[in-house]
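Notes follow once the structure below has been shown.
The values are calculated or read from the model by the stated rules, or taken from the named source; none is laboratory data. Given the structure is predicted, the values throughout are model-derived calculations rather than measurements. Here the Cβ positions follow ideal geometry from the backbone for every residue, glycine too, while neighbour counts run over all protein chains shown.
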Amino acid sequence: MRETPYQKLYKRKRKWTPVQTAAGKLKEGSEETIRRVLAIRHMELPVGDFIQASLNEIPEHSRELLLSNIKDEENHDLALGYAVQALGEDREAEAEAKRLRDAWISHPSHTIAKALVVERGIFFTLLPFMRFNGDAGLRTISADISRDEQIHVATNSLLCTELNLDIPPSLDKLRKATIAWIYQPLGINTTDKYLDKKFWQDQSDNLMYNGRTNGLFETKRARMPAFFEHSNVNLPQYA
């Protein structure tokens, strides 16, 4: 029997276990935004809940993958929580992130559509931001979560097509508001594009409307610390 697209995606998955990271040096000028990025971890578990809420209407052949993706969100929340323990939290950012989380939960759009928008239009910018501006621990977390999120977005895109789901303007407006808050501490027309708020807002728009963005092509070859350059505490455990 020919494999379904969902089965092919499932085979691409790799298990990993988060570990407590040590605090390192963040790129100067990124610190406040990094803490807002980390505060958005409060949306990881709701994304899993969005998927869980739709299990009774999704195609049976996608169920195994969807259940695995829900487990991934728990893993991501744990990994990002470890990063917060290492780097410290911004209480105001944490409170605002929870208010944004509640706005996403209460939005009337289909839960699969909400999951797709959050992961493609928001998480897909936060992960490279961590990679270009974070310390060794954040760069490793970013790489591991990114592998999962590629599969999640592909899964949810397939489901939106199968279920004939659209992205309403109000949901896109919520995405824009969320992105605007996350990157608000950054400047405009900075010499370092990875510290430019408009750059990141544009990446979110491109990912949302086109499904890709040329502005982040560097992530394909962005330098990741070699294992021998890492403190052992920053290395996740792989299955």
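Observations
- Search result, residues across the stretch 151-198 that are aromatic (Phe, Trp, Tyr) and crowded, with 21+ Cβ neighbours inside 10 Å: 183
- Selection from the stretch 126-152 of residues that are in contact with a Leu (Cβ under 6 Å, 6 or more places away or on another chain) and among the polar types (S, T, N, Q): 142, 146
- Exclusive hit being touching a residue at least 12 places away in the same chain (Cβ under 8 Å), among the basic types (Lys, Arg), closer than 30 Å to residue 162 by Cβ and assigned to a helix (DSSP H, G or I), set 101, 63, 14: 101
- Members of the stretch 205-216 found to be over 14 Å from residue 153 (Cα atoms) and surrounded by 14 or more Cβ atoms within 10 Å (Cβ to Cβ), listed by number: 205, 206, 213, 215, 216
- Residue within the stretch 98-111 that is exposed (fewer than 15 other Cβ atoms within 10 Å of the Cβ), under 19 Å from residue 124 (Cα atoms) and among the charged types (D, E, K, R) present: no
- In this structure, residue 202 does not satisfy being outside any helix (DSSP H, G or I), of a type in the set (Asp, Glu) and modelled with pLDDT of 75 or more.
- Number of positions in the stretch 137-150 that are over 21 Å from residue 186 (Cβ atoms), buried (at least 20 other Cβ atoms within 10 Å of the Cβ) and not charged (D, E, K, R): 3
- Given (1) in a helix (DSSP H, G or I); (2) without any contact (Cβ under 8 Å) to a residue 40 or more places away in the chain; (3) over 25 Å from residue 11 (Cα atoms); (4) not hydrophobic (A, V, I, L, M, F, W, C), index of the condition residue 189 fails: (1)
- Boolean, residue 23 is crowded, with 21+ Cβ neighbours inside 10 Å and within 24 Å of residue 80 (Cβ to Cβ): no
- Flag if residue 45 is closer than 16 Å to residue 73 by Cβ and modelled with pLDDT of 95 or more: no
- So residue 34, is it β-branched (Val, Ile, Thr), at pLDDT 95 or above, under 20 Å from residue 149 (Cβ atoms) and surrounded by 15 or more Cβ atoms within 10 Å (Cβ to Cβ): yes
- Scanning the stretch 70-87 for residues that are part of a helix (DSSP H, G or I), surrounded by fewer than 23 Cβ atoms within 10 Å (Cβ to Cβ) and touching a Phe, Trp or Tyr at 6+ places or on another chain (Cβ under 8 Å) turns up at least one hit.
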